[in-house]
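Engineer: After the structure tokens below, expect a handful of questions from me.
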Amino acid sequence: MKFNSGNISFSELLQFRSMSAQQEVSVLKANNSLQIALSDLAGFLIKDNDFNLMNISFTQYDEAVQELGSWQISDLNNIETSLIEYARVNNPAYQTGVIEVDINESEVKSAKGSFLPSISMNLSKNWNYQNWSDSPEGSLSLGISASVPVFSIYDNYLNYTKARNSYRKTELSHEQSGIDLKLKIKSGILNLVASILEIEATETAREYSALSYEAAQEQFKNNMITANELLNTQISLRTAENGLNTSKYSFLNNKSELQKSLGILEESELWKLLLN
């Protein structure tokens, strides 16, 4: 209508058409990505592709976002220690390392036992018949013998050395896993709080972009701005909305990573640790 009335040029009309075509392509790409994601999820869950996902509102995280967003450095340091101790008890990978260390320590003790002498004890009782009519005379004997491994000492030493080295290797690996777990907890908390600050920033940017776009629409209706200027504000709004969605995804991803490091299955357990 604006083109027919001469308010916009043909090039501006083409820009509108180009923007519309680009958005249609974006929608097609998004739908394609969604179908691929659903197919991958179905394969992971070993289910048919004809299942529906339940929409979950992000507002359920408002309380967590509000409280965690107000944390200071001192708050992070205070919660850090308790989370690390919790992870040492509940993280499956770390607990597996604890079991492996115990097993290798037992193998070292068993290898040490091969150097000890073996001791055997024999108890026997004999009867001597002088005459079938007489009562037999009995005798009791007790014998103790010890044997020291001589020819197998070298093999026993090799087995002991192997067990000791394996124990030391497992012990060092477990110590390193403890350090890695500690760093994961620290970075997990920092990333979670950082993503919350990012949500707050992108929400503000989206609000300002939405106001700018609404104002630009009114100005465009009154022929106060060109089509290019209107398209620029629309692009800014779409960019801000995409940034907000990205920051929310980052929050959910960081939440899941921290939950995994702590060895927590239920999300509610994570909020109990962080918010109580």
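The values are calculated or read from the model by the stated rules, or taken from the named source; none is laboratory data. Please read all numbers here as calculations on a predicted model, not as lab measurements. Using ideal geometry, Cβ is built from the backbone for each residue, glycine included, and neighbour counts are taken over all protein chains shown.
Engineer: Output the number of the condition that TYR167 fails; it satisfies all remaining conditions of (1) buried (at least 18 other Cβ atoms within 10 Å of the Cβ); (2) in contact with a Leu (Cβ under 9 Å, 6 or more places away or on another chain).
Structural biologist: For TYR167, the failing item is (2).
Engineer: I've got another one for you. Restricting to region 119-169, name every residue that is of a type in the set (Ser, Thr, Tyr), at pLDDT 70 or above and assigned to a strand (DSSP E or B).
Structural biologist: Within region 119-169, SER120, SER124, SER141, SER145 meet the criteria.
Engineer: ALA21 - would you say it is surrounded by 10 or more Cβ atoms within 10 Å (Cβ to Cβ), on the phi < 0 side of the Ramachandran plot and without any contact (Cβ under 8 Å) to a residue 60 or more places away in the chain? Even if it seems obvious, please write down each step before you answer.
Structural biologist: Details: surrounded by 10 or more Cβ atoms within 10 Å (Cβ to Cβ): yes; on the phi < 0 side of the Ramachandran plot: yes; without any contact (Cβ under 8 Å) to a residue 60 or more places away in the chain: yes.
In short, yes.
Engineer: Further question: Kindly indicate whether LEU197 is in contact (Cβ under 8 Å) with a residue 24 or more places away in the chain, more than 30 Å from ILE8 (Cα to Cα), surrounded by fewer than 17 Cβ atoms within 10 Å (Cβ to Cβ) and out of contact with any Leu (no Cβ under 7 Å at 6 or more places or on another chain). Give the steps one after another, and end with the answer.
Structural biologist: Working: in contact (Cβ under 8 Å) with a residue 24 or more places away in the chain: yes; more than 30 Å from ILE8 (Cα to Cα): yes; surrounded by fewer than 17 Cβ atoms within 10 Å (Cβ to Cβ): yes; out of contact with any Leu (no Cβ under 7 Å at 6 or more places or on another chain): yes.
Here the answer is yes, as LEU197 does meet what is asked.
Engineer: Considering only residues of region 43-86 that are of a type in the set (D, E, K, R) and assigned to a helix (DSSP H, G or I), which is farthest from SER268 (Cα to Cα)?
Structural biologist: Taking region 43-86 first, the residues of a type in the set (D, E, K, R) are 47-48, 50, 62-63, 67, 75, 80, 85.
Those still in the list that are assigned to a helix (DSSP H, G or I) too: 62-63, 67, 75, 80, 85.
On the way: ASP62: 14, GLU63: 13, GLU67: 15, ASP75: 20, GLU80: 18, GLU85: 19 Å.
It comes out as ASP75.
Engineer: For a quick check of your reading of the model, give me the residue pairs whose first member lies in region 44-57 and is closer than 24 Å to LYS248 by Cβ and not assigned by TED's automatic domain parsing to the domain that holds ASN245, whose second is among the aromatic types (Phe, Trp, Tyr) and surrounded by 10 or more Cβ atoms within 10 Å (Cβ to Cβ), with beta-carbon atoms closer than 9 Å and at least 6 apart or on different chains.
Structural biologist: The qualifying pairs are LEU45/PHE51.
Engineer: Scanning for something under 30 Å from ASN90 (Cα atoms), touching a helix residue (DSSP H, G or I) at 6+ places or on another chain (Cβ under 8 Å) and part of a helix (DSSP H, G or I), does region 207-224 turn up at least one residue?
Structural biologist: Checking region 207-224: not a single residue is under 30 Å from ASN90 (Cα atoms), touching a helix residue (DSSP H, G or I) at 6+ places or on another chain (Cβ under 8 Å) and part of a helix (DSSP H, G or I).
Engineer: Quick check on this structure: which one of LEU183, LEU265, LEU190, LEU211 is aliphatic (A, V, I, L, M), more than 19 Å from LEU76 (Cα to Cα), within 18 Å of the chain's Cα centre (by Cα) and surrounded by fewer than 17 Cβ atoms within 10 Å (Cβ to Cβ)?
Structural biologist: On the way: LEU183 fails: more than 19 Å from LEU76 (Cα to Cα); LEU190 fails: more than 19 Å from LEU76 (Cα to Cα); LEU211 fails: within 18 Å of the chain's Cα centre (by Cα).
Unique residue meeting the criteria: LEU265.
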